[in-house]
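The values are calculated or read from the model by the stated rules, or taken from the named source; none is laboratory data. Treat the numbers as computed from the prediction; the structure is a model and nothing was measured. Positions of Cβ are backbone-derived with ideal geometry, glycine not excepted, and every protein chain shown enters the neighbour counts. Just so you know, the surface numbers come from the protein's heavy atoms only, side chains and all, with ligands and any DNA or RNA stripped out. Shrake-Rupley method; radii C 1.70, N 1.55, O 1.52, S 1.80 Å.
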Amino acid sequence: MVAGRVAALDWKGIAAELDAHGCAVAAAILSSAECEALAALYASEDRFRSRIVMARHGFGRGEYKYFAYPLPETVAALRTALYRRLAGIANRWNEAMGIGLSYPDEHADFLHRCHRAGQTQPTPLLLQYGAGDYNCLHQDLYGEHVFPLQATFLLSAPGKDFTGGEFVLTEQRPRMQSRAEVVPLGQGDGVIFAVHHRPVRGARGSDRVKLRHGVSRLRSGYRRTLGIIFHDAR
């Protein structure tokens with residue numbers, strides 16, 4: 001079960017990695033069969049609410065589709081199980097940054113908050129890249145309510161299905177140049193990362209640093225990923 005694999009992760013270590021670097025790898029969460037089944041959904045129009053061709057909007061090259069409700073069982077289970085483990089980290093970060101907002105323990109309660117504010121569209125998505133495609137650095141903000149962490153899972157096998165196409169995270173600290181983090185992933189691995197900002201201890205307490213994420217240029221083959229965003233969209 002996906003929820004059991006999430007629960008078995010080293011969450012103390014993940015929290016430390018998120019605090020230190022703004023990202024952490026969740027290894028071997030999806031089996032190869034689960035990855036292939038999720039990737040195959042891309043051809044099914046009735047599971048999605050919209051399709052975005054990145055080049056039309058200046059987002060990069062490639063495309064993605066947002067799932068419609070009800071979400072596929074594996075996607076829904078991942079979203080619920082991950083949120084439960086990340087809510088405490090999100091609350092600790094907000095407290096450190098002086099943000100007077102807390103997140104409930106259960107994802108259903110947070111979604112209720114989103115829906116009351118008019119954010120009712122699901123945000124989990126499948127992304128597809130071919131040779132030469134890439135995703136520009138960006139932040140996934142869809143409305144007033146934003147959960148400050150999200151996750152991406154690699155559904156394809158690097159070196160076999162594609163080359164290139166690394167996950168990239170950049171961080172802009174106050175009065176410093178940007179720092180880049182490249183996160184290698186295997187098939188079925190996930191990376192958990194900050195959506196838009198996180199606290200970093202500075203000389204005068206915690207600084208609020210800004211982050212963006214993207215995908216470097218694919219050199220060959222096809223790369224498919226699953227994105228898990230915890231807030232819904234307008």
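Averaged over all directions, how much area does the convex hull of the C-alpha atoms of the chain cover when projected, in nm²? List each step's numbers first, then the result.
Working: hull surface 49.9 nm².
Here the figure is 12.5 nm², rounded to one decimal.
Give me the extension gain from ALA8 to ARG234: residue separation times 0.36 nm, minus the current Cα-Cα distance, reported in nm with one decimal.
The ALA8-ARG234 span can extend by a further 78.0 nm.
Taking R0 as 45 Å, what's the FRET efficiency between ALA43 and ILE99 from their Cβ-Cβ distance, rounded to 0.05?
0.65
Using θ = phi - 60° and the Karplus curve 6.51 cos²θ - 1.76 cosθ + 1.60, what whole-Hz ³J(HN,Hα) does each residue of region 151-165 get, with Gly and Pro shown as x?
9, 10, 10, 7, 9, 9, 9, x, x, 9, 8, 7, 10, x, x
Defining a contact as two alpha carbons under 8 Å apart and six or more residues distant in sequence, what relative contact order in percent does the chain show? Walk me through the numbers before you get to the answer.
Details: 497 pairs, mean separation 67.1, N = 234.
So the answer I get is 29 percent.
With the cut-off at 13 Å, report for region 160-222 the share of all Cα pairs above it, as a whole percent.
68 percent
Given a 1.4 angstrom probe, I'd like the percentage of the accessible area of the chain that is carbon and sulfur, rounded to a whole number.
50 percent
Taking only Cα atoms of region 1-79, what ratio of Rg to Rh do you get with Rh as the Kirkwood inverse-distance radius?
1.05
Taking region 55-144 on its own, what percent of its Cα-Cα pair distances exceed 17 Å?
Here the tail beyond 17 Å accounts for 63 percent of pairs.
Could you check the simple spin-label distance between GLU17 and GLN172, using points 7 Å along Cα→Cβ, in nm with one decimal?
If labels sit at GLU17 and GLN172, their model points lie 2.7 nm apart.
Could you identify which residue out of ASP161, ASP46, ASP189 has the top mean-square fluctuation in a GNM of the chain using Cα springs shorter than 10 Å?
ASP46
Would you please put 141-154, 208-221, 6-19 in order of how densely packed they are, using the mean number of other Cβ atoms within 10 angstrom per residue and starting with the highest?
With the highest mean Cβ count within 10 Å placed first, the list reads 141-154, 208-221, 6-19.
Quick one: accessible area per residue over the chain, 1.4 Å probe, rounded to a whole number of Å²?
Here the residues of the chain average 47 Å² of exposed surface.
Run the dipole for region 15-82 about the Cα centre, Lys and Arg Cβ at +1, Asp and Glu Cβ at -1, nothing else charged, and hand back the magnitude in debye, nearest 20. Before the final figure, lay out each step's value.
Values: 7 positive and 8 negative charges, 80 e Å.
Charge dipole of region 15-82: 380 debye, to the nearest 20.
Looking only at Cα atoms, what is the convex hull volume of region 116-167 per residue, in Å³?
Spread over its residues, the Cα hull of region 116-167 gives 105 Å³ apiece.
Using the beta-carbon distance between ALA117 and HIS138 and R0 = 25 Å, what value does 1/(1 + (r/R0)^6) give for FRET efficiency, to the nearest 0.05?
0.70
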